[in-house]
1. Scan the chain and report its longest stretch carrying no GluC sites (Glu not before Pro) that are both in a DSSP loop and have at most 16 other Cβ atoms within 10 Å.
2. Rounded to two decimal places and with Rh computed the Kirkwood way over Cα pairs, what is Rg over Rh for the range 179-334?
3. Just to confirm my numbers, what's the Cα centroid distance between the range 168-201 and the range 9-46 in Å?
4. Using the Kirkwood formula over every pair of different C-alpha atoms, what hydrodynamic radius in Å results for the chain?
5. Run the reach check for Lys127 against lysines, Cα to Cα strictly under 29 Å, same-chain hits fewer than 8 apart removed. What comes back?
6. Using Cα springs under 10 Å in a Gaussian network model of the chain, which residue among Asp200, Asp70, Asp132 shows the largest mean-square fluctuation?
7. Between Arg270 and Arg69, what FRET efficiency comes out of the Förster formula 1/(1 + (r/R0)^6) with R0 = 51 Å and r the beta carbon distance, rounded to 0.05?
8. For the range 54-113, report the accessible area per residue in Å² (1.4 Å probe, heavy atoms, rounded to an integer).
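The values are calculated or read from the model by the stated rules, or taken from the named source; none is laboratory data. Not measured: the values here are computed from a predicted model. With ideal geometry, Cβ positions are generated from the backbone for all residues, glycine too; neighbour counts draw on all protein chains shown. Note: areas computed on protein heavy atoms with side chains; ligands, DNA, RNA excluded. Shrake-Rupley method; radii C 1.70, N 1.55, O 1.52, S 1.80 Å.
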Amino acid sequence: MSLTHLLPGSLGFGTAPMGNMFRAIPEEEAQATLQAAWEQGIRYYDTAPFYGAGLAEIRLGELLAQQPRDSYVLSTKVGRVILDEEEDPSARELGEKGGLFEHGRLNKMVDDYTADATKRSIEDSLKRLNTDRLDIVWVHDIAQDFHGDRWLAQFETARTGAFRVLDELRDQGVIKAWGLGVNRVEPVELTLALDEPRPDGFLLAGRYTLLDHRQALQRLLPAAQEQGVDMVVGGPYSSGVLAGGTHFEYQEAPAHIVETVRRIRELTDRHGVSIKAAALQFALAHPAAAAAIPGATRPSRIAEDLGALREEIPAAFWHDLRAAGLLDQAAPLPAGV
């Protein structure tokens, strides 16, 4: 199914922060943020077992249990199974993302893209989410940043395991769509080149932003458009550095990224627009983009995101951004520019 037709709007809620990403978020604050998203009309929620070893799913499930099931669209991910035994979260091997959820639950997480693990992961997610069905399932983090040189071997396991299970579930009507949820373009390109199974879309985090979009524009997005496969844009603020934060790629932003953000801010200040609005509207301007799913840890952030979506940005800003070499010539601009 086309994600554009499935998703209820161009703005969803990414729940990675609800898994205590970067810091331990008080339960009251987490629930207030989720409640604010619901009250302000957000109806697409994306989550994953990985986010705090099930914590984000549990917190989201408390909100969704109070709502009619047909009133929202829900996606979660497979590729990791959460066990009852405990481990030290700060000692987990997470490739380039070490320590990302060290404030999450202590439950041990195991990477597993096989068919049996995929089925178990879905069953466990349904329990944590307090719901009876999922709309979209993404195969999570099957890429270099988490698996290094082993990523192609993991991809092959997923191709004969998770991919086929999700393809069958979609064809049976158990889920409405499936695809990959990754931080790299190569796994998606590889999947789109397969004769079968066929994904419906993909969640691409951090690779179609103001700070990093050129590689996705080269092959991935043209291939996706040609095949009618839609993109959900994850991390439109590049882990926060495009929204006043200090993180890029889930770590402290390096000097060259800080400098690029400074140059972008010079132009947003000159044209009287917010950098958050520029980042969000750029990500959604590509025809393949069905929605963007920024995360939040405070209720006030929801209104900021909705305001950023509606903010009027003059065409001159985009042209100046391109003239400064900060925007690829091939990148589509928002409608009317």
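1. Of all site-free stretches, the longest is 94-310.
2. That ratio equals 0.96.
3. When both Cα centres are located, 26 Å separates them.
4. Working: mean 1/r = 0.0500 Å⁻¹.
Here the Kirkwood hydrodynamic radius works out to 20.0 Å.
5. The qualifying lysines are Lys77, Lys97, Lys108, Lys119, Lys176.
6. So, out of Asp200, Asp70, Asp132, the one fluctuating most is Asp70.
7. 0.60
8. Numbers: 2500 Å² over 60 residues.
On a per-residue basis, 42 Å².
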